[in-house]
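Written out below as structure tokens is the structure these notes cover.
All of the numbers you see were taken from the coordinates with simple rules; none came from a lab. The structure displayed is predicted, hence computed values, not measured ones. No Cβ is skipped: glycine too gets one built from the backbone with ideal geometry, and neighbour counts run over all protein chains shown.
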Amino acid sequence: MVQIFIASISGYLSLHLFNVLPSYWFLLLLIVVGITVFIVYRSVIFICFSLAIFWVVFDANQYINNIDNIPINSSNVTIDVSISTLFNENIPSEYFEANVLNLHSENVDFVAPLQLMIFWEDAPRLKQGQVWRLPVRLSRIVGRVNQAGFDREQYALSRSIHGRAVVVPGNSTPIRLSSSRSLRQQWLDNVTPLLKNTRYQSYLTALTFGLREGLEAQDWVDLRDSGLAHLLAISGLHIGLAMLIGWWLGYLLRLCLPQTTYWLWLPLLCGLLFAFGYAWLAGFSLPTIRALLMCLLVGGLRMWAINWRPWQILLATLSLCLLWDPFVSYSAGFWLSFGAVIIFLIMVIIGDSSSLADLPWQHRWYQRLKQLCKVQGYLLLLMLPIQWWWFGGISFAAPLTNLLAVPWLSVITVPLVLIGVITVWWPALSSLLWILADISLIPVLHIAAWSNGSWMLLPASLTPVLVIIAVITVIWPLLPLMYFRWLYISAIFIVSCWWWKTHNENYRLPGWTLTVLDVGHGLAILIEKQQRVFIYDTGNAWGEKSIAQSVIEPILAYKGISAIDGLVLSHSDNDHAGGSDYLIQRYQPLKKYSSDQRNGFSACVMGQKWQWQGLEFAVKWPPATTLRATNSDSCVIHIQALGGKGPSVLLTGDIDAKSELVMLTQIQVEQADVIVVPHHGSSTSSTQTLLDSIKPSVAIVSIGYFNPWGLPSAAIKQRYQANNIDWISTQDSGQVTVAINQNNYYISQQRYHNSQAWYRPQWLATE
């Protein structure tokens, strides 16, 4: 049985290895081989493995086929949708998920149900379960693909979302076809008025229904820094508590009933019912499904008097989760949830299982506290690689905050929340319980606020070190230091040599890199040499968020860069300078240049030059600064190694055709091997005169799909290609990195060279 589970899990997870989905003929061949192995050797391992691969590839093909039903270019259609997102009436939301019931369009083939992420500005009050007829602009999902940062395409896959839609009221008006609400929505609507007078309404809603939209940006920072984010959503721990409460109530009920075998399993059944109900309230999120499956397995094994070890139950749960939803392994919750459980099992295996019953009560409490501290220490060390992989850093305050907060929430807050949501039919009692639960959160959230600033971003270069720390943590009790000291000394020596070699290689590299980040419509460029960086433009900003925060900061952390030597803002438009305030506040760059008049900035004007890390920055435009720099005032910079050695780059901002021609008549503009296309490939720039003067070999344009301006212009793209200039677009290639040495340069396209995966849009232009 264990071999079957391991083979199946391996088959399900093999989906991560495919850049292109294998054909069904190949999969059938695997199944035939598996059947042959079974007939000859009576082993089911290979056939289970091949059937698991067949299943996940079948699901993946269905997912891709559903996406193929959506037009590549945005299309105005009318759709009937059933809303699947839960709404809190006190928290307005413009984004929601919905299942498409019908498509009213001859241009779109409707084969299977589609799951869409829908944006509806100024939407009326929506409820889960309602059916609407909406005029929308339907499109496929294309995300930003960079070395680090949020991956929208992977996120959509993890939630089985096929496309996006924007409600565009025009000739037709949205029509509500059904006002029915789901039972879960009705329950939330009944609970919401009872939370009106609570201070931490958003946290209580998250603990009860898994609805976290009410948490503000600072709340997320506090939860991240304290390592408590997993507690303030319905986690597996809460499902276990729900089952325990249900078991206890069932036990009390059994005492009141006739003592017959009919009621023998009543506590267990009540516990499972409570666990199922709490998981249902949370919308069957991954941690709740994992915990619920474990509860069901344990309950079923207990009823049938079957004895399985904990790790066998874990393997069965993991296999069932992947069977139910193969794409769940593309979410952080999957690895964090199962990772934590695996760590607990490791502690059980390598831990001291001696009984505490014979010890005095003081020693028992001391040993239990010692065990809790040990658990938190193991979680910190063993979760290092997983947390870095998904979030780029770790919280060093997590062991202490969890040591204090987990028992408090488990014993006080969660029971109050559970009883409060159950007694919603008795408003007076339920309101009292919610107030008490709200008060119980005060010390926990004070601990979270106290931990602010304890989050540490870790560079990619530390990945092997993190893995080695996790491995040593596991094998240390099995291979004690006093008997295997030379093993550890050798490991430390090898890691130290590797780190020293890598560190010195990075600083001795003679070349430099130009990185055009994938920021959608906008521009953000990193000029990097010897672990130091100069930034040209910062991309967009919207509300409290910005490209600087969501893209630039994660990439700098990934590279291990903690300071910015210089910042250049080409002009004032939001898509070029929107994230500058955040970047300046976060990194405080030493030198700042701009073509408009900004406090603390030096002027970026024609004829100015400066040197940095053996590179010369020569400003070619504008002739003077302005109060507010527009496209025509963009700061144009030529970058090359000192003495005119090696390939060069021309950064152009959003300069227009008129400014291009004036610039070429007023100052000598050297030829450049690489040009960043002016104004995102607009027809108002990139004159033939500019191309004849610069004579670039490669043109890189920073642009996003489905932009409202239809950029880049087809005529401009054709102009570059007619001049034998390679055209590379971030909308197709993702992040573009140009590695420049003394004699040559090499181009890496993130989407095609480093982040290939079967779920990436195959219809994008390839290299």
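Structure data summary
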{"quantity": "Acute angle (nearest 10 degrees) that the helix 361-382 long axis makes with the longest principal axis of the chain, alpha-carbon atoms", "calculated": "30 degrees"}
{"quantity": "Positive-end residue, region 509-754 charge dipole about Cα centroid, Cβ charges, pick of V701, I535, L523", "calculated": "I535"}
{"quantity": "Neighbour net charge for S285 - beta-carbon separation under 15 angstrom, K R +1, D E -1", "calculated": "+1"}
{"quantity": "Equivalent-ellipsoid semi-axes of region 118-239, from the Cα gyration tensor, Å, largest first", "calculated": "29, 24, 13"}
{"quantity": "Most to least packed among 703-713, 155-165 [average Cβ atoms within 10 Å]", "calculated": "155-165, 703-713"}
{"quantity": "Fraction of antiparallel bridges per DSSP, the chain only, in percent to nearest 5", "calculated": "75 percent"}
{"quantity": "Stokes-Einstein diffusion coefficient of region 509-754, Kirkwood radius over Cα pairs, 25 °C, 0.890 mPa s, in µm²/s", "calculated": "139 µm²/s"}
{"quantity": "Bins of 10 Å from zero: percent of alpha-carbon pairs in the chain", "calculated": "2, 11, 19, 23, 21, 14, 7, 2, 1, 0, 0"}
{"quantity": "Against the rule of thumb 2.2 N^0.38 Å, how large the Cα Rg of region 539-585 comes out", "calculated": "1.11"}
{"quantity": "Ordering of 287-296, 714-723 by packing [mean C-beta count within 10 Å, highest first]", "calculated": "287-296, 714-723"}
{"quantity": "Mean separation of Cα contacts under 8 Å, 6 or more apart, over the residue count of region 71-181: relative contact order %", "calculated": "32 percent"}
{"quantity": "Dmax and Rg, reported as Rg then Dmax, of region 582-658 (C-alpha, Å)", "calculated": "13.2, 37"}
{"quantity": "Net charge over other residues, Cβ less than 13 angstrom from the Cβ of E616 (K, R count +1; D, E count -1)", "calculated": "+3"}
{"quantity": "In degrees, nearest ten, helix 24-41 long axis to first principal axis of the chain (Cα)", "calculated": "40 degrees"}
{"quantity": "Local electrostatic count at I9 - Lys and Arg +1, Asp and Glu -1, tallied over other residues with Cβ under 15 Å", "calculated": "0"}
{"quantity": "Burial ranking of peptide ranges 434-447, 457-470 (average Cβ count within 10 Å, highest at the top)", "calculated": "434-447, 457-470"}
{"quantity": "Rg to Rh, two decimals, where region 596-641 supplies the alpha carbon set and Rh follows Kirkwood", "calculated": "1.00"}
{"quantity": "Electrostatic dipole magnitude of the chain [Cβ: Lys, Arg +1; Asp, Glu -1; Cα centre; debye, to 20]", "calculated": "1640 debye"}
{"quantity": "Cα-centre dipole for region 614-767 with unit charges at Cβ (Lys and Arg positive, Asp and Glu negative), debye to 20", "calculated": "160 debye"}
{"quantity": "Tilt relative to the chain, helix 2-13 - C-alpha long axis, 0 to 90 degrees, to 10", "calculated": "30 degrees"}
